[in-house]
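Values quoted throughout were computed directly from the atomic coordinates according to the rules given, and no laboratory measurement underlies them. In this text, all values refer to a predicted model and were calculated from it rather than measured experimentally. Cβ placement follows ideal geometry from the backbone for every residue including glycine, while neighbour counts extend to all protein chains displayed.
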């Protein structure tokens, strides 16, 4: 098994909504940059970008970075302790990849927005 999800159903939907709301705020912010010269403040796009990338990556991988760090899962109605050590290791590795990928994508997006004249 290459992945061991620790979230399902409503938890995945919640992360998708969070990611898309953050994407909408980014799409609203970018025209604002063109209209007003806000200088260095363009780097504020990093915050909705990191929320967007982490949320959407968590939803697509069905792995919550917080839940894997404390060893729980929420696959339906209630929280459960992850008892399988191998699954927990895979979840933590996947969480680390999600954080690194989210950080890289957010930094790249922030850099590209910063380059906008």
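Filter the range 70-88 down to the residues that are surrounded by 13 or more Cβ atoms within 10 Å (Cβ to Cβ) and out of contact with any strand residue (DSSP E or B) (no Cβ under 8 Å at 6 or more places or on another chain) and list them by number.
Passing the criteria: 87, 88.
Of the numbered conditions (1) within 18 Å of residue 113 (Cβ to Cβ); (2) free of Cβ contacts under 8 Å to residues at least 60 places away in the same chain, residue 42 satisfies every one except a single condition; which is it?
Result: residue 42 passes all but (2).
Which residues, counting only those in the range 3-12, are in contact (Cβ under 8 Å) with a residue 24 or more places away in the chain and out of contact with any helix residue (DSSP H, G or I) (no Cβ under 6 Å at 6 or more places or on another chain)?
3, 5, 7, 8, 9, 11
Of the numbered conditions (1) over 17 Å from residue 110 (Cβ atoms); (2) in contact with a helix residue (DSSP H, G or I) (Cβ under 9 Å, 6 or more places away or on another chain); (3) part of a helix (DSSP H, G or I); (4) touching a residue at least 12 places away in the same chain (Cβ under 8 Å), residue 87 fails exactly one; give the number of that condition.
Condition not satisfied by residue 87: (2).
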